[in-house]
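The values are calculated or read from the model by the stated rules, or taken from the named source; none is laboratory data. On a predicted model such as this, the values are computed, not experimentally measured, just so you know. A quick note on method: Cβ atoms are made from the backbone with ideal geometry, for glycine too, and the neighbour counts reach across all protein chains shown. Protein only, heavy atoms only, side chains kept; ligands, DNA and RNA dropped before computing areas. Shrake-Rupley method; radii C 1.70, N 1.55, O 1.52, S 1.80 Å.
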Amino acid sequence: MLANLRGLVSENLVPRPQDNDQATYAPLLKKEDGRIDWNLPAQQIYNRMRGFTPWPGAYTSFRGQTCHLWAEPFSLQTLTGGAPGTIFREDTQI
């Protein structure tokens, strides 16, 4: 990446066409893709929450209700332990 940026700045970058045989398509997202699988590692859940914003969003079921998660989760460095799906509470002062 750095070499490409330097080449762009120095105008030595030689463009080349994309090889369409190597190109792939991402599937269309569905609402169900936003459902959180609490068995995934925390990093994957976090990445999916970021990747699915704004559509389809991240959601789960809690006490029989659909719960949409809008805020960013805790820092992955501060939380350790707990079974998948464990909910931690952060007390903050305003």
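Filter segment 14-31 down to the residues that are assigned to a loop (DSSP other than H, G, I, E, B), of a type in the set (D, E, K, R) and open to solvent by 100 Å² or more (accessible area, probe 1.4 Å) and list them by number.
Across segment 14-31, the qualifying residues are Arg16, Asp21, Lys30.
So, in segment 16-37, how many residues would count as being among the hydrophobic types (A, V, I, L, M, F, W, C) and at pLDDT below 90?
Going through segment 16-37 one residue at a time, the tally reaches 1.
Would you be able to say whether some residue in segment 36-59 is of a type in the set (Lys, Arg), loosely packed, with under 10 Cβ neighbours inside 10 Å and either out of contact with any Pro (no Cβ under 7 Å at 6 or more places or on another chain) or in contact (Cβ under 8 Å) with a residue 24 or more places away in the chain (or both)?
So far as segment 36-59 goes, no, none of its residues is of a type in the set (Lys, Arg), loosely packed, with under 10 Cβ neighbours inside 10 Å and either out of contact with any Pro (no Cβ under 7 Å at 6 or more places or on another chain) or in contact (Cβ under 8 Å) with a residue 24 or more places away in the chain (or both).
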